[in-house]
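In what follows, a single structure is set out as structure tokens and then discussed.
The values are calculated or read from the model by the stated rules, or taken from the named source; none is laboratory data. Bear in mind that the values here come from a model prediction, so they are computed numbers and not experimental data. FYI the Cβ positions are ideal-geometry reconstructions off the backbone, even for glycines, and counts take in every protein chain you see. Surface accessibility is based on the protein's heavy atoms, side chains included, excluding ligands, DNA and RNA. Shrake-Rupley method; radii C 1.70, N 1.55, O 1.52, S 1.80 Å.
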Number of protein chains: 2
Amino acid sequence: MRGIVLLAHGSRDERWREPIEAVAARVLQDDPAAHVVCAYMELATPDLHSAASGLIADGATAIRVVPLFLGMGKHAREDLPLQLDALRKAWPQVVFSLARIVGEEPELVELLARISAKS
Amino acid sequence: MRGIVLLAHGSRDERWREPIEAVAARVLQDDPAAHVVCAYMELATPDLHSAASGLIADGATAIRVVPLFLGMGKHAREDLPLQLDALRKAWPQVVFSLARIVGEEPELVELLARISAKS
């Protein structure tokens, strides 16, 4: 079974997560058999380790981590690969993959440009 | 003339801005006559006031502010409307409009779900 972790920055603000959780809900709407959870780098729970742990307890043998970041900062460039290394050490039997940040997906850039130029 | 401000969180990290600037470049690619600038809430320049000032100096009579935020936190809910009020007071002759955060656009949620579920 493959799990998906939607990893976002996080905020103290409860409502901050709503759009992130909406993406998870949409993944499930598109594929009701998907195993998708949200996780946060800081200020909100669960963190990546807990989210991965939950998916593995449910039987995940592969986990795709998708950073829902628009900006490509230190979190995305440095912290994330380190966190993935830690996951691989904790669960060597699980295949972890790290997607590029969504802000670097050409389709996303195109859609953001279209949204921005709307009248 | 209408100006567009792409407003993002900002970061000390120079490279953080690359995906934001890529959106501005894409707006210009789609419409070479567009007047689009990036601005940042914190830790990077220009801020919204400076960005608006530049567009108005270039002749903008209407400015659309597009918050490139995925999460809907205090910045988006509270700071942004206050900043828009300040712009309206500073330039009463200019029509300012504030788009909803891109994280709340159904098309964006749909695309993020599709990207997240890719194999």
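Directionally averaged projected area (region A:2-117, Cα convex hull): 7.6 nm².
What's the FRET efficiency of B:Lys74 with B:Ser119 using the Cβ-Cβ distance as r and R₀ = 45 Å, to the nearest 0.05?
On the way: r = 36 Å, r/R0 = 0.81.
E(calc), rounded to 0.05, equals 0.80.
A full extension of the chain between A:Lys89 and A:Glu18 corresponds to an added length of 22.4 nm, given 0.36 nm per residue minus the alpha carbon distance. Short-range pairs are left out: with C-alpha atoms under 8 Å and at least six residues apart, the relative contact order of region A:2-117 is 28 percent. The sum of -39500 (n - 2.57) across all DSSP H runs of n ≥ 4, divided by the residue count of chain B, sets its helix-only mean residue ellipticity at 222 nm to -12000 deg cm²/dmol.
Share of carbon and sulfur in the accessible area of region B:2-117 stands at 53%, probe radius 1.4 Å. Solvent exposure of chain B, expressed per residue, is 46 Å² of accessible area, with all protein chains present and a 1.4 angstrom probe.
Rank these residues by their accessible area, most exposed first, probe 1.4 Å: A:Thr45, B:Thr61. List each step's numbers first, then the result.
On the way: A:Thr45 105, B:Thr61 80 Å².
If we order A:Thr45, B:Thr61 from most to least accessible, we get A:Thr45, B:Thr61.
How high is the FRET efficiency between B:Leu43 and A:Leu28 when r is their beta carbon distance and R₀ equals 30 Å, given to the nearest 0.05?
On the way: r = 35 Å, r/R0 = 1.17.
Plugging the Cβ-Cβ distance into 1/(1 + (r/R0)^6) gives 0.30.
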